[in-house]
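Participant: Sharing a structure with you now.
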Amino acid sequence: MLSLLRDCCSVGNKLRLNRNAQQSAVENPLHGVLNDTRQYRERFLITKGDELCMLCADDISYINLHDNRITAFAVDGTSYPLPMSMNDLEQALDPARFFRLNRQYIANIKGIRKICFYFSSKLIVRLKGCDDENIVISKEKATLFKKWLEK
């Protein structure tokens, strides 16, 4: 009788442990999603000559790295120097709206004018207001880019 009681307690403990493990497996990812309240940059305060200019992230068409200078190009064609690295900008901007095309470009989804197929499963992107007609997205990034566009 005592061994039967011990076996039942052992089975009860196993069931409780299993239930707790299942509950944790469901709660942990949800906990991470619900607590991901990351704030992305909405505005940039930029020094331009003897003025301070405010640039809203929504007004950025694309960001370009050229000659070790990072410049944001607004929808209206105005350019603004940014004192941040491309990696910092990539982290600071909302990934639902901005995508790092390659080492030189970050694009706002609203700034994309045209997407063309290129050899070896690469893509060429043309941006509104950008003179560069050869913005190439690598094969690896092309897959991520297409998924990003379909969201």
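The values are calculated or read from the model by the stated rules, or taken from the named source; none is laboratory data. All of these numbers come straight from a predicted model, not from anything done at the bench. All Cβ positions, glycine included, derive from the backbone under ideal geometry; neighbour counts span all protein chains shown. The accessibility values were calculated without ligands, DNA or RNA, using every heavy atom of the protein model including side chains. Shrake-Rupley method; radii C 1.70, N 1.55, O 1.52, S 1.80 Å.
Participant: Any residue in region 74-85 that is modelled with pLDDT of 95 or more, small (Gly, Ala, Ser) and touching an Asp or Glu at 6+ places or on another chain (Cβ under 7 Å)?
Facilitator: The answer is yes, given that some residue of region 74-85 is modelled with pLDDT of 95 or more, small (Gly, Ala, Ser) and touching an Asp or Glu at 6+ places or on another chain (Cβ under 7 Å).
Participant: On the basis of being of a type in the set (D, E, K, R), in contact with a Gly (Cβ under 9 Å, 6 or more places away or on another chain) and more than 23 Å from Ser138 (Cβ to Cβ), does Asp76 make the cut?
Facilitator: Yes, satisfied.
Yes/no per residue for (1) open to solvent by 100 Å² or more (accessible area, probe 1.4 Å); (2) touching a His at 6+ places or on another chain (Cβ under 8 Å); (3) modelled with pLDDT of 95 or more; (4) of a type in the set (A, V, I, L, M):
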residue: Leu4; (1), (2), (3), (4): yes, no, no, yes
residue: Val11; (1), (2), (3), (4): no, no, no, yes
residue: Asn18; (1), (2), (3), (4): no, no, no, no
residue: Glu27; (1), (2), (3), (4): no, no, no, no
residue: Val33; (1), (2), (3), (4): yes, no, no, yes
residue: Thr47; (1), (2), (3), (4): no, no, no, no
residue: Ile60; (1), (2), (3), (4): no, no, yes, yes
residue: Asn64; (1), (2), (3), (4): no, no, yes, no
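Participant: Further question on the same structure: Of all residues in region 103-138, how many are of a type in the set (Lys, Arg) and either within 18 Å of the chain's Cα centre (by Cα) or closer than 21 Å to Leu89 by Cα (or both)?
Facilitator: Counting residues in region 103-138 that are of a type in the set (Lys, Arg) and either within 18 Å of the chain's Cα centre (by Cα) or closer than 21 Å to Leu89 by Cα (or both) gives 4.
Participant: Which ones in region 58-79 are farther than 12 Å from Gly111 by Cβ and among the hydrophobic types (A, V, I, L, M, F, W, C)?
Facilitator: The answer is Leu65, Ile70.
Participant: If you go through region 126-141 one residue at a time, do you hit one that is under 18 Å from Tyr40 (Cβ atoms), buried (at least 17 other Cβ atoms within 10 Å of the Cβ) and not acidic (Asp, Glu)?
Facilitator: no
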